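Student: Here it is, the structure, as structure tokens.
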Amino acid sequence: MPQTALKYDIEVTQTGRVELPVPFQIGAHLTIFVISEQETDNFDDLLAASQSSTDFWDNTFDDEDWNHV
């Protein structure tokens, strides 16, 4: 059964509460995941991984096996 994910950009109130207007019926049971937004989008680790060496894939033994599949 497909489900639609909703994203809200909100702030925690001074009392430590979060209130969301949701498009669900009263009494509906929901599962809510809460994550803190970081001040900056830090993609340094992803960038480093994308620029890392591809020597791992240059393996003659592995190439020989896969060439006969």
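The values are calculated or read from the model by the stated rules, or taken from the named source; none is laboratory data. Keep in mind the model is a prediction, meaning the values are calculated, not measured. Every residue, glycine as well, gets a Cβ built from its backbone with ideal geometry; the counts of neighbours run over all protein chains shown.
Student: Just the residues that are of a type in the set (Lys, Arg) and modelled with pLDDT of 90 or more, please, taken from the stretch 1-17.
Tutor: ARG17
Student: Moving on. Quick one: count up the residues across the stretch 22-54 that are assigned to a loop (DSSP other than H, G, I, E, B), surrounded by 10 or more Cβ atoms within 10 Å (Cβ to Cβ) and free of Cβ contacts under 8 Å to residues at least 12 places away in the same chain.
Tutor: Count: 1.
Student: Still on this structure, please answer the following. State all residues of the stretch 52-65 that are at pLDDT 75 or above and aromatic (Phe, Trp, Tyr); if no residue qualifies, say none.
Tutor: Passing the criteria: only PHE61.
Student: Further question: Restricting to the stretch 18-41, name every residue that is of a type in the set (S, T, N, Q) and modelled with pLDDT under 90.
Tutor: The answer is THR31, SER36, GLN38, THR40.
Student: Could you give every pair whose Cβ atoms fall below 9 Å, whose first residue belongs to the stretch 1-21 and is closer than 17 Å to THR31 by Cα, and whose second residue is of a type in the set (D, E, K, R) and in a loop (DSSP other than H, G, I, E, B), counting only separations of at least 6 or pairs across chains?
Tutor: Sorted first by the residue in the stretch 1-21, then by its partner, the pairs are VAL18/GLU11.
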